[in-house]
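Notes for the one structure printed next.
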Amino acid sequence: MRRPLRWSIALAAGLLVLAALIGLPFWWVVSGAFKAPQEIIARVPTFFPQSFTLEHFEKLLSASDYLTYLVNSVFVSVLSALVTLVLAIPASYAFFRLTFRGRETLYRIILLAYAFPSIVVLIPLFATFARLGLVDTRLALVLVNVAFALPFAIWMLRSFFASIPREIEEAARLDGGAPLTVLLRIMIPLTAPGIAAVAIFAFVTSWTEYVFASVMILSDAKRTIPVGFSGIIGQYQVDWGLLLAGASLAILPVVLLFALIGRWFVTGLTEGAVK
Amino acid sequence: MAVTQLQQVSKAFGPVKVIEPLDLTVERSEFLVVVGPSGCGKSTLLRMIAGLEEATSGTILIDGEDVTRKEPSERGVAMVFQTYALYPHMTVRDNMAFGLEMAGVKKPEREVLVGKAAATLQLEALLDRKPKQLSGGQRQRVAIGRAIVRDPKVFLFDEPLSNLDAELRAQMRLEIAKLHRELGVTMIYVTHDQVEAMTLATRIVVLRDGRIEQIGPPSELYANPDNTFVAGFIGSPRMNLLEGRIIGKDPTGRKALIDVPSLQLSGVPVPLRNPGADVQGAVTFGIRPEDLILADDPAKADFTMTCEIVEDLGSSVFLYNTTSRENAVVAELPRATNPGHGERVPYRIAPDAGFVFGTDGKRL
């Protein structure tokens, strides 16, 4: 069916607005990072950079601990994502496959983790971590990040498991696959898009987590980007060039992650299995 | 291969009884088809034999061994699903080899066994493809191949052809029949399609509401149904079932004389299964479409009906005749005959044809 022209125009306009809404801030940050300081704070902002400089990046990497923060952030976020997956996959499979008393209740209760603003649990958690000797360790951040990513990850993965036709699992059982084998060889490959989505979700929440990172970490050498970076910007004055350069670099790992894992986001992975 | 026995096996999902306690023995190399309308419990029965569903009570024996509480993989059964249930991320080869791998068969041997099964099913050229690159018929063959390689004692088929189009279905039906002859294994096949049941089975089990209505070879079920349900279910188009009344017996005492008011028939002699029985009163008169014969001479006709709808199948013609609002009586006539709509057609009833059923549906 052919679309009338005015519909095409309206659709294109709508798409353009959406793309601008999402894309413009990024453009502003990334292009600004390469502008000369005067141009950034010019009274009339420039859309296309009139100048080009790497001085902000140079300053960021040489005169600050930005690289240390970056490494810390990568460490914490990757570990958080991995631990989340290692726990969420078997947990969600169990919630999906096993029938046990109180399953649905437990399944809902885990969402209580999101009932409290993080600031509410911050103090008790700090006290607990202090006794465990976990304050000022990156492990503490991993634990907190996993705790907050896990419930949602379990919910998401369970629905992915539920979308796999029951017969495939039954066929594997008839083929003699033990539950763990079925999970590893059949279910995980088939839920790859869901697992990738959960991994990205866990990574990004860890990557941008600020509140816990600002309180649990005391020494500068263990800070993650959101906290460390806010220290770079300066307490009394804002170095815009530095800020934009730092923000640009902070986006980079997330973009890389999407590029690497994005190929798993293919629809119709179970195509050809049934029917 | 194996004798499969079900002893007083029943299944209930909570308060809902799906299978009443039933006994069933499947002989070696038999092709047993379980047939019945949707929701009659036939798939549940199959899944209990497979071990995918636990029997609420009773014992399931395969080759004399009690497998009631055993895991599906320990029962020596293989199943072909209606939806094929192939592993979509694996090649055809890996799909077929997975079960062998789980059974601890070494890779070189796996290759040989998969190769052999692939040759049987003409899948050699497709071994490196993924399921999504296959047509429906090819997928079904892979699903069958996956069952064959494991050399099971019993093959289970759960409506394997119902996702295929008519032409492919007929072709796969022949392939399955051929396979059964070549492999000589026990097959238990569930379907709601009575044509599949008639063409494939060595014996048919007719199931209704979790109860076995009748077991027997296809020809037996067709020629000698136990009750109105089996009579109506087996055969296409279905047997005409009409209200009647017994008015007596013929001189031999082997046939009942029946009045069928809707056909304006009086005193039709119909063979009794149980000549000795004392039969009288209201009954159901059953007559198969092919037993209604076109009378060449209208004067010798037993009755006439008005032709309502003509279905010309080429090889034969089905005439749907309306006797009353709710009953359409079907007659199967040779292809040459082609009466028009509204025409009065004279019929005779074939000698020794027809069935009598009691008011409870049981054959008399």
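The values are calculated or read from the model by the stated rules, or taken from the named source; none is laboratory data. This one's a predicted model, so the numbers in the text were calculated from it and none came from an experiment. Please note: Cβ atoms are built from the backbone with ideal geometry, for glycine as well, and neighbour counts cover all protein chains shown.
Annotations for the structure displayed:
- Filtering B:ILE204, B:ILE212 for residues that are in contact with a strand residue (DSSP E or B) (Cβ under 7 Å, 6 or more places away or on another chain) and surrounded by 23 or more Cβ atoms within 10 Å (Cβ to Cβ) leaves a single hit, B:ILE204.
- Filtering B:PRO152, B:PRO88 for residues that are on the phi < 0 side of the Ramachandran plot, within 13 Å of chain A (Cβ to nearest Cβ) and touching a strand residue (DSSP E or B) at 6+ places or on another chain (Cβ under 7 Å) leaves a single hit, B:PRO152.
- Residue among B:THR83, B:THR120 that alone is more than 8 Å from chain A (Cβ to nearest Cβ) and among the hydroxyl-bearing types (Ser, Thr, Tyr): B:THR120
- All told, B:THR284 falls short of being part of a loop (DSSP other than H, G, I, E, B), touching a strand residue (DSSP E or B) at 6+ places or on another chain (Cβ under 8 Å) and among the hydroxyl-bearing types (Ser, Thr, Tyr).
- Residues satisfying the stated conditions in the range A:183-197, i.e. more than 15 Å from A:LEU260 (Cβ to Cβ), of a type in the set (A, V, I, L, M, F, W, C) and more than 8 Å from every other protein chain (Cβ to nearest Cβ): A:LEU183, A:LEU184, A:MET187, A:ILE188
- Only a single criterion out of (1) in contact with a helix residue (DSSP H, G or I) (Cβ under 9 Å, 6 or more places away or on another chain); (2) assigned to a helix (DSSP H, G or I) is not satisfied by B:LEU156, namely (2).
- Boolean, B:ALA328 is among the small types (Gly, Ala, Ser), free of Cβ contacts under 8 Å to residues at least 24 places away in the same chain and within 25 Å of B:GLU213 (Cβ to Cβ): yes
- Residues of the range B:280-305 satisfying the condition of being loosely packed, with under 14 Cβ neighbours inside 10 Å and either closer than 18 Å to B:THR228 by Cβ or modelled with pLDDT of 85 or more (or both): B:GLY281, B:ALA282
- Restricting the range B:136-149 to residues that are more than 10 Å from chain A (Cβ to nearest Cβ) and of a type in the set (Gly, Ala, Ser), the residue that is surrounded by the fewest Cβ atoms within 10 Å (Cβ to Cβ) is B:GLY137.
- Taking each residue of the range A:58-74 that is surrounded by fewer than 14 Cβ atoms within 10 Å (Cβ to Cβ) and looking for partners that are not in a helix (DSSP H, G or I) with beta-carbon atoms closer than 8 Å, six or more apart or interchain, yields nothing.
- Annotation: of all residues in the range B:158-176 being farther than 18 Å from B:THR4 by Cβ and touching a residue at least 60 places away in the same chain (Cβ under 8 Å), the one that is farthest from the chain's Cα centre (by Cα) is B:ASN163.
- Some residue of the range B:340-348 being at pLDDT below 80 and in contact with a helix residue (DSSP H, G or I) (Cβ under 7 Å, 6 or more places away or on another chain): no
- Qualifying position, being more than 19 Å from B:LEU207 (Cα to Cα), within 14 Å of chain A (Cβ to nearest Cβ) and not charged (D, E, K, R), among B:SER29, B:SER73: B:SER73
- Only helices (runs of 4 or more DSSP H) whose full extent lies in the range A:3-116 are considered here, and the ones with at least 3 residues that are in contact with a helix residue (DSSP H, G or I) (Cβ under 7 Å, 6 or more places away or on another chain) are A:5-32, A:55-63, A:66-97.
- Selected residue (criterion: modelled with the highest pLDDT) from residues of the range A:241-275 that are assigned to a helix (DSSP H, G or I) and touching a Pro at 6+ places or on another chain (Cβ under 7 Å): A:GLY241
- The test for being under 23 Å from the mean Cα position of the chain (by Cα), loosely packed, with under 11 Cβ neighbours inside 10 Å and either farther than 30 Å from A:HIS56 by Cα or modelled with pLDDT of 85 or more (or both) does not hold for A:ALA81.
- Just so you know, in the range A:84-125 the residues that are in contact (Cβ under 8 Å) with a residue 60 or more places away in the chain and over 22 Å from A:ALA197 (Cβ atoms) include one that is surrounded by the fewest Cβ atoms within 10 Å (Cβ to Cβ), and it is A:ILE119.
- Checked against the criterion of being in a helix (DSSP H, G or I), exposed (fewer than 15 other Cβ atoms within 10 Å of the Cβ), among the aliphatic types (A, V, I, L, M) and away from every other protein chain (no Cβ under 12 Å), the candidates B:LEU179, B:LEU168, B:LEU174 yield just one match: B:LEU174.
- Single residue of the range B:182-198 satisfying the filter (charged (D, E, K, R) and part of a helix (DSSP H, G or I)) that is farthest from B:ASN163 (Cα to Cα): B:GLU182
- Where strands (runs of 3 or more DSSP E) sit wholly within the range B:12-128, those with at least 2 residues that are surrounded by 13 or more Cβ atoms within 10 Å (Cβ to Cβ) and of a type outside the set (A, V, I, L, M, F, W, C) occupy B:16-26, B:57-62.
- Test: residue in the range A:161-182 that is away from every other protein chain (no Cβ under 14 Å) and crowded, with 19+ Cβ neighbours inside 10 Å: yes
- The residues of the range A:126-146 that are crowded, with 17+ Cβ neighbours inside 10 Å, in contact with a helix residue (DSSP H, G or I) (Cβ under 7 Å, 6 or more places away or on another chain) and in a helix (DSSP H, G or I), listed by number, are A:PHE129, A:ARG138, A:ALA140, A:LEU141, A:VAL142, A:VAL144, A:ASN145, A:VAL146.
- For A:ARG173: the one exception among (1) free of Cβ contacts under 8 Å to residues at least 12 places away in the same chain; (2) under 25 Å from the mean Cα position of the chain (by Cα): (2)
- Test: residue in the range A:188-196 that is within 13 Å of the chain's Cα centre (by Cα) and buried (at least 20 other Cβ atoms within 10 Å of the Cβ): yes
- The range A:207-225 - residue that is among the hydrophobic types (A, V, I, L, M, F, W, C) and part of a helix (DSSP H, G or I) and, of those, nearest to A:VAL76 (Cα to Cα): A:TRP207
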